[in-house]
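Structure first, then comments.
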Amino acid sequence: MRVIGEQRIGEINLNTGSNGQTVVEESYHYIVEADSNNDSRLAVSLCPGLPQVGITYSSGGIALCKSITGSRRQENPKIWDFTCNFSSEVDQNNQNPTNADPETWIPIRRTMFEKFETQEFKDVNGKVFANSARQPFADGITRVRYIIAWEFDQFESATVTDQDIAERTEIINSSTYLGYPPKTLLLRVMDSVVGFYYGKRRRLTKYRMMYRPDNWDLLVLDKGDYYRDANDNKIPFPDGVGRGDFVGFLNGAGKELTFLDPNDPQPSEFRYRLFQVYPDYGFANFLRF
């Protein structure tokens, strides 16, 4: 008996597995010609050239053959149609060998959008949020944003410790990664499990990476209740009539901000403080995404 004709690639499906990992499911179709009308179902299903359950991997090397179904054609009993189903879902104590090392696989990613709030002081064109007198709002505005994010699972060596994993969460990229500039990607560890996968003790870690075009540093309007004089003494700002929730503005060096025209402050004259709130790290040192 033999596989005849060309293999026909079937369906592919991406979903979430039982442990939250992204699972790739594929199906492939084959036509087999038996030696006779009396060949047993089992013998035909073991035809050379057909995938083997629990042994054969799909062409991408990620999904393992989990099941094979076949049916005999009524008009020609020697011809069988087979569908072979593959899945990348990993279970504990899976000891099936693989031709590719899972610790070298490029993770399958899931693309989504994440909602978060930011406190911002400028619009997308760099225009300062200010009142009609061109005085910036002391606390900026609260903006709800939706940013692109990716989730992916990565097999890693069991030598990667919990401390290593702890140092990988809430970090930003120190250099350009996947074409994205430094400090624009924020990485979080969602889950990390040490178990017996594909015949070896390994770690399976789920990551989430989020992209913010204007980077993850914090920009804050330079303002306060007091300023520093030439002797570094604290000098309180006067409570001006009509100041409302505004406080005094600083020049970026702790001194009182002076305007070219105090009655007509320009947005470009106000100063801002920039803070890095997440540690940076070289993503390429451990990610294969």
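Read-outs: derived from the displayed coordinates by stated rules, not from any lab. Not measured: the values here are computed from a predicted model. Neighbour counts run over all protein chains shown; Cβ positions are idealised from the backbone, glycine included.
Of note:
- Each label point was placed 7 Å from the Cα along the Cα-to-Cβ direction; for residue 260 and residue 116 their separation is 3.7 nm.
- Neighbour-count order for 14, 64, 42, fewest beta carbons within 10 angstrom listed first: 42, 14, 64
- From the coordinates shown, Rg/Rh (Cα atoms, Kirkwood Rh) corresponds to which of [x] 1.25; [y] 1.28; [z] 0.95: [x]
- In angstrom, the C-alpha Rg and Dmax of the stretch 2-89 are 14.2, 46.
- Considering only Cα atoms, the convex hull volume of the stretch 130-170 works out to 126 Å³ per residue.
- Helix-only [θ]222 nm of the chain, DSSP H runs n ≥ 4, -39500 (n - 2.57) each, per residue, nearest 500: -500 deg cm²/dmol
- Note on residue 272 and residue 188: their simple-model spin labels are 2.4 nm apart, each label 7 Å out from Cα toward Cβ.
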